[in-house]
Amino acid sequence: MLRIGLIGLGFMGRTHLDNYLRLEKEGVPIRVVALCDMDPVKLQGQATGGNIDTSSSDAVDFGRFNKYTSVADMLVKEQLDCVDITLPTFLHKEVTVQCLKHGLHVLCEKPMALNAGECEEMIKEAKENGKQLMIGQCLRFWPAYEYLKNVIENKTYGETLAGSFYRGGGTPNWGPWLLQRKKSGGALLDMHVHDTDVVNWLFGKPNAVSCQARNVIPGSGYDIVSTHYKFEDGKVINAQADWTLQGDYGFEMSFRVNFEQGNLNFSGGNLQVNPNESPGFSPELSDDQGYYFQLKYFVETLIGEYELTRIAPESTLGSIEIIEAELESAGLDGAWVSVR
């Protein structure tokens, strides 16, 4: 039985908890035994909402969990195998290192950390303590993005010619830290990192980036972002993010990728495949979100005592290195900046 401690009970923490409880019901040998949050109200299940509907209709008995307002207390008093960290970004490195030093495997929410240096410290601690570290870049497990990954790797429609990725929604109001540049990194690091990670996952690191971005919300980081990624083979890849879309806009994530012999378009939750020489179609994909498949992979890999190779921390470090180049480019009015 894999014993899990969940640290952070905001929007994403509650999303993770709901999925762990579902996995328990499905017979996966896991048990969430402890919850930790500095806010006692959240420990009773009063989580805030987010920008995407991840809610479960099942009621949760919060009386079954041991509850803590201190990570240190939880680590001392509980016999855990792993922890799931869904804290604000500026705490990722500190709490991840703390838990790795205590001898626990760690799943840490995206983005990995505020900068590449912090990511390297996290990887170093995992190696030194012989524990596994995984970052919650959930799009790597999202059905439509996995389908795209398979098409690219199998060259189903030939080589990639171009691709565009988008993410947009209203200004986040479920955590004041999100609009503090030094704590979240703004939309570029908190929101846009999803698509930067997808670009890295699908195509590898680009040679250079050109990023135009602007600050709209006082005190925040870059709130609107548009980045071009330069690759040796000349494919045209870009990604945009905007979390200043108010009114009834809601939330959107989408992509369009063009190949030599067809194209894929994901919009409004629907994936459309358009071969050049035959009728288009919508493949049958799971209705489940990437959060479920991500957590299922994490716990089943630990239970089987395998390596978390599908999303190695060195890979998500690479995504933060791309982000750092984007930040530098944005500060230079979009000048091309090499990715280390």
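The listed residues are Phe259, Phe251, and the only one of them that is within 23 Å of the chain's Cα centre (by Cα) and either at pLDDT 95 or above or not charged (D, E, K, R) (or both) turns out to be Phe251. If I ask for residues that are among the charged types (D, E, K, R) and farther than 21 Å from Ser254 by Cα, which ones from region 206-238 would you list? Within region 206-238, Arg214, Glu232, Asp233 qualify. Identification of strands (runs of 3 or more DSSP E) wholly contained in region 209-307 with 3 or more residues that are β-branched (Val, Ile, Thr) yields 224-230. Looking only at region 111-131, residues that are crowded, with 22+ Cβ neighbours inside 10 Å and assigned to a loop (DSSP other than H, G, I, E, B) come to 3 in all. Under the condition of being under 12 Å from Arg167 (Cα atoms) and touching a residue at least 60 places away in the same chain (Cβ under 8 Å), the residues counted in region 203-237 number 1.
The residue of region 173-205 that is farthest from Leu148 (Cα to Cα), among those that are touching a Phe, Trp or Tyr at 6+ places or on another chain (Cβ under 6 Å) and outside any helix (DSSP H, G or I), is Trp174. Pairs linking a residue in region 251-280 that is assigned by TED's automatic domain parsing to the domain that holds Gln240 and touching a residue at least 40 places away in the same chain (Cβ under 8 Å) to a residue that is among the acidic types (Asp, Glu) and loosely packed, with under 12 Cβ neighbours inside 10 Å, with Cβ atoms under 6 Å and 6 or more positions apart or on different chains, are Glu260/Glu159.
The values are calculated or read from the model by the stated rules, or taken from the named source; none is laboratory data. Being a predicted model, the structure only gives us computed values, none of them experimental. Cβ coordinates were reconstructed from backbone atoms using ideal geometry, including for glycine residues, and neighbour counts include every protein chain displayed.
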